[in-house]
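Please treat every number below as a calculation from the coordinates, not as lab data. Bear in mind that the values here come from a model prediction, so they are computed numbers and not experimental data. Backbone-built Cβ (ideal geometry, glycine too); neighbour counts: all protein chains shown.
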Amino acid sequence: MNRIPWKIVALLWAAFFLAYVVRQSISSTFAILRVELSFTDVQLGLTGTVFLWVYALMNPVAGHIGDKFPKHKVIGLSLVLWSIATLLMGAANSPETLLAGRAALAVAQGLYAPTALAYISLVHSPATRGTAITAHSTAQYVGVIAGGWYGGYVAEALNWRWMFWLIALATVLYAAFLYAMLRRYAVSGPAAQPKDAPRSSISGIFKTSSYWALTFAFIAVNAVLWIVYTWLPDILQQKFSLSAASAGLNATAYVQISMIAGLVVGAPLGDWLTPRTVRGRVYLMVFGLVLSSPCVYWIAAAPTLDQMRVAAVGYGFFKGIFSGNMWAALLAVVPNDRRAFGVGFTNATGGVFGGLSSYLVGYFRGRFPVETMLGAAALLGWISALALVYTIWRTYVRDCERIRTA
């Protein structure tokens, strides 16, 4: 058994974990930022929106860079740049300068995900690709839990600035180690593209209807997810009078741990189903969307903290089943040599609408109940599930076959 592909996943897992600790930690300090830097609710919403919109704009560019240049160099550069951006956020003296730091962080982290997923898809065959991508993605959920607790704890125990500075130091040290390790492994595998092979057309991706249906589902999921990431710690702190650290932990732990459980169940099941029916992964994605959507509403509507936790577990588990199959299903309809771009563009659209949802909650929070806004987001999930059902029967098998025989 060749263990190098799994060693690569493990190395990238730690980098992705650090990325999400940096992203999520700020959401546990909203109450502190209101006092120390005079943030308004709209500006707090913009901490998610600015990051996601810049991240979204960066992803297609990053995908092109990741397809063109050595992937270990692009990944190493991303970590160094985001550690610098994190240091700058710790030195911010106004909402505007902190938001500028979030934008710089988005540029730097935007280089990572498309390149890392393309890297994993090159060294893993379809038999293990879904599980490998999912194993890597669990770092996101563990990182959100750690970031939610870490941000609140360090901000209260030391200072919110040290929250940024300590994680920046950890990131730059790991960047040096990661670069040295990845340089030892040549990118090769069952999906590797010969150097002299002609390049596929980017326009061909945009003519693939299955690609658009999967991207729309990703938009719906991201719209909900970033409302939860950005606002749930603050909602719980105000609704149940929790400390910053407790609110951050409750807002992340139940959702993220159950998402990991959903990933662990969903990804191997998708890998098992795919040889038996090409539509298997998309069936699982529909199942996850249909059952996670009502849980979203109850996260905000639950009258007790225990009921909120149950809703969070349900949302996380079924969302995890969706996510465990999302990228493997998408990569099945994208040419091998355009995978970083295909992932980058879909990530970009998810970021745009995730950022929009985060901003809109801050903008409308004083006018509409949070339950109403999350209910609307849940409805979007059901609509995207219907779009996937249509895709399953009309285009997905044909699009997968076209890529397989290209």
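Taking a straight line from the alpha carbon of residue 68, these aspartates and glutamates sit under 15 Å away, with near neighbours fewer than eight places off in the same chain left out: 196, 337. Applied to the stretch 249-263, the Karplus parametrisation 6.51 cos²θ - 1.76 cosθ + 1.60 on θ = phi - 60° returns per-residue 3J(HN,Hα) values of 5, 5, 6, 10, 4, 5, 5, 6, 5, 6, 5, 4, 4, x, 5 Hz, with x for Gly and Pro. Coupling constants for the stretch 160-169 follow from the phi torsions by the Karplus curve (6.51 cos²θ - 1.76 cosθ + 1.60, θ = phi - 60°), and in residue order they are 4, 5, 5, 4, 6, 5, 5, 6, 5, 5 Hz; glycine and proline get x. Oblate is the label for the stretch 333-406, because the ratio a/c of its alpha-carbon gyration tensor axes (a ≥ b ≥ c) is 1.5 or higher and a/b is not greater than b/c. Eigen-decomposition of the gyration tensor built on the alpha-carbon atoms of the stretch 61-167 gives equivalent ellipsoid semi-axes of 30, 18, 9 angstrom, largest listed first.
Dipole size of the chain about its Cα centre, with +1 on Lys/Arg Cβ and -1 on Asp/Glu Cβ: approximately 1140 debye, rounded to the nearest 20. Restricting the calculation to Cα atoms, the stretch 250-323 yields a radius of gyration followed by a Dmax of 13.3, 45 Å.
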